[in-house]
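Novice: Mind looking over this structure? Questions follow.
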Amino acid sequence: MTQHNDPVRVRFAPSPTGYLHIGGARTALFNWLFAHANNGKMILRIEDTDRERSTLEDVDRIIESLKWLGLNWDEGPFFQSERKELYREYAQKLIDQGLAYYSDEQRGEHQAIIFSIPNEKVVIDDIIHGPMEFDNSLIKDLVIFKSDGFPTYNFACVVDDALMGITHIIRGDDHISNTPKQIPLYKALGFPVPKFAHVPLILGKDKSRLSKRHGATSVQSYQEEGFLPDALVNFLALLGWSPGDNRELMNRKELISLFSLERISSKNSVFDDEKLRWMNSVYIRESSYNDYKSLVMPFLKSAVGDDCEKHPELDYILSLLQERLKVLNEISEQSSFFFTDDFEYDEKSVAKRLLKPEVPEILSNLIHKLAVLEEFTDKTTENAARELVEEMGISGGAVIHPVRVALTGVMTGPGLFEIMQALGKEKCLIRIQNAIDLINSRSSSSVDMGK
RNA sequence: GACCCCAUCGUCUAGUCGGCCUAGGACACAGGGUUUUCAUCCCUGCAACAGGGGUUCGAAUCCCCUUGGGGUCGCCA
């Protein structure tokens, strides 16, 4: 592990002009992992110097998302909008030293202040990219105070990073070109220059920078879809970083102990939704039942109503579904038939499994078998079905498939006899009878069509 | 366009100072097994060092060029 002389201090510095983007979340995560791996501190700073676009709602949303992901911070949140005077002091120092000057262009109430960038080469020894050289004679002087009286990003950022004692700046690749502008600012202000680690961007399927047009990119939308924070954290950590062996499934503790900036790739990476979903299903499956239940209940309730909580077979039903959910909100489509009698019959399933000449007889025979059961469990119902199979000389599938469609409306789902137990005798008998009626009504009309 | 970054399977990646790489793992995909279905699980398969020059006994690994992709060029952050 890398040794650092000063106690490590990092920061995550979002601007509250939108949701927490998945890319921002990864940057926050890398900062968080680095801080924890080095016994350092993480600072949260809100960069709200754009008074037009910054909103309090966005501040809340971003903080909510960070909390949901479990990315806690040690200091802050600090708001740049509250530190205006501080920045002005430093700008004044630069003016006094002749390193900055007032703009002669008058645009607003205040006069903009501009920093003269020295015409020299700047080398950044980036932890991820290695040395990068820039020629500052090629760039224009830098506005550090806007005519609305607020500092610009580059200025406020440098002053804060220095004053807050930030040792490592871990931020997106898109800030690389800001760095050669910021370094002369550190020097002019007499601040030590921190270390930089520019992490590559996250791309969409088409290899362009991940954005709204690639679909949902806010952390909040992943939360709403039913991804677990642990799964998202694990997945995001692997986007651009790897521990070096073939390990992929790692909890936070492992992530922290294995993490290092040096192992972050310098290459952009494409966000693979499929792999995230797979990883999420692993986390759902491997959760304890109680954790899983508390995670999934809000999704179930919003899908089928709060009453589901009182369902006598709730735990049994949820446990049947635990191993087949990729995201939590799938609970809705996969369990509604347990909670309502008003579920949809999937036409393809009906055509394939119910509309067969032998089905009505099988179903009605099964009704007779089930009706006499005293105990109605997965075992007893299965025995009944096996007996029927025996007596009629048919295959197991010949009874199981149509019954599944009769009870659930679809061809896939948990084991049939578990479903029966969860549903209970009465509902099973009614639904099987309904299926028989459905078949009869269908066949009488199709007979006329000669088919 | 200028400046900068990047380049291993479709995707995420391993490949630490060049040899152990006939390039490993995971997701996805295909096939098979288990299963009443789906999912899980197990097995198998498919599939990559962008191209061209060097350097070297030897290069995916180093250098250069080309090509391709990305980022930045705001009194936005």
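Novice: Straight-line reach from A:Lys146: which lysines have Cα under 22 Å away, leaving out those fewer than 8 places along the same chain?
Specialist: Straight-distance partners of A:Lys146: A:Lys84, A:Lys93, A:Lys181, A:Lys187.
Novice: Just how far, in whole angstrom, is region A:97-125 from region A:8-79 if you go by their alpha carbon centroids?
Specialist: 28
Novice: Helix A:179-189 sits at what angle to the longest principal axis of chain A, using alpha carbons and giving 0 to 90 degrees rounded to 10?
Specialist: 40
Novice: Can you find, among A:Asn154, A:Tyr345, A:Ala25, the residue farthest towards the positive end of the dipole of chain A? Put +1 on the C-beta of Lys and Arg, -1 on that of Asp and Glu.
Specialist: Farthest towards the positive end: A:Asn154.
Novice: For A:Lys275, list the lysines whose Cα falls under 25 Å from its own Cα; do not include residues on the same chain fewer than 8 positions away.
Specialist: Reachable lysines: A:Lys67, A:Lys205, A:Lys207, A:Lys212, A:Lys253, A:Lys267, A:Lys293, A:Lys326.
Novice: Check cross-link reach from A:Lys195 to the aspartates and glutamates: straight Cα distance under 19 Å, and skip same-chain residues fewer than eight apart.
Specialist: List returned: A:Asp6, A:Asp125, A:Asp126, A:Glu133, A:Asp160, A:Asp161, A:Asp173, A:Asp174, A:Glu262.
Novice: I would also like to ask the following. Can you tell me the dipole magnitude for chain A around its Cα centre, using point charges on the Cβ only (Lys, Arg +1; Asp, Glu -1), in Debye to the nearest 20?
Specialist: Roughly 900 debye for chain A.
Novice: Specify which residue in the list A:Ser364, A:Leu56, A:Asn246 is farthest towards the positive end of the charge dipole of chain A, using unit charges on the beta carbon of Lys, Arg (+1) and Asp, Glu (-1), about the Cα centre.
Specialist: Farthest along the dipole direction, towards plus: A:Asn246.
Novice: Per 20 Å bin from zero, what fraction in whole % of the C-alpha pairs of chain A is there, up to the bin with the longest pair?
Specialist: Percent of pairs per bin, in order: 21, 38, 23, 14, 4, 0.
Novice: Provide Rg over Rh for region A:212-287; use the alpha carbon set for both Rg and the Kirkwood Rh (inverse mean inverse pair distance).
Specialist: Result for region A:212-287 is an Rg/Rh of 0.96.
Novice: Let me ask something else. Please state the charge dipole magnitude for region A:9-201, taken about the Cα centre, from unit charges on C-beta atoms (+1 on K and R, -1 on D and E), reported in debye and rounded to the nearest 20.
Specialist: About 400 debye.
Novice: What value, in deg cm²/dmol to 500, does the helix sum -39500 (n - 2.57) over DSSP H runs of n ≥ 4 give at 222 nm once divided by the residues of chain A?
Specialist: Roughly -14500 deg cm²/dmol at 222 nm, from the helical runs in chain A.
Novice: Moving on. For helix A:289-304, report the angle its Cα long axis makes with the longest principal axis of the Cα atoms of chain A; keep it between 0 and 90° and round to the nearest 10°.
Specialist: For A:289-304 against chain A, the angle is about 80 degrees.
Novice: Quick check: net charge around A:Ala216, other residues with Cβ under 10 Å of its Cβ, Lys/Arg +1 and Asp/Glu -1?
Specialist: -2
Novice: When the convex hull of the C-alpha atoms of region A:9-201 is computed, what volume per residue in Å³ does it have?
Specialist: Cα convex hull per residue, to the nearest whole number: 116 Å³.
Novice: First compute the accessible area of region A:212-287 with a 1.4 Å probe, then give the percent of it belonging to carbon and sulfur atoms.
Specialist: Of all accessible area on region A:212-287, carbon and sulfur atoms account for 46 percent.
Novice: Please sort A:106-113, A:67-74 by packing, taking for each peptide the average over its residues of neighbouring beta carbons within 10 angstrom, highest first.
Specialist: Ranking the peptides A:106-113, A:67-74 by packing returns A:67-74, A:106-113.
Novice: Mind putting a number on the dipole of region A:111-151 about its Cα centre? Charges go on the C-beta only, +1 for Lys and Arg and -1 for Asp and Glu, and I need it in Debye to the nearest 20.
Specialist: 200
Novice: Here is a further query. Which residue, chosen from A:Leu138, A:Tyr186, A:Thr167, occupies the Cα position most advanced towards the positive end of the dipole of region A:114-245, where the dipole is computed from +1 (Lys, Arg) and -1 (Asp, Glu) charges on Cβ about the Cα centre?
Specialist: A:Leu138
Novice: Net charge within 10 Å of A:Lys121 by Cβ-Cβ distance, Lys/Arg positive one each and Asp/Glu negative one each, not counting A:Lys121 itself?
Specialist: Residues close to A:Lys121 contribute a combined charge of -3.
The values are calculated or read from the model by the stated rules, or taken from the named source; none is laboratory data. Keep in mind the model is a prediction, meaning the values are calculated, not measured. So basically every Cβ, Gly included, is an ideal-geometry build from the backbone, and we count neighbours across all protein chains shown. Heavy atoms of the whole protein, side chains included, go into the accessibility calculation; ligands, DNA and RNA do not. Shrake-Rupley method; radii C 1.70, N 1.55, O 1.52, S 1.80 Å.
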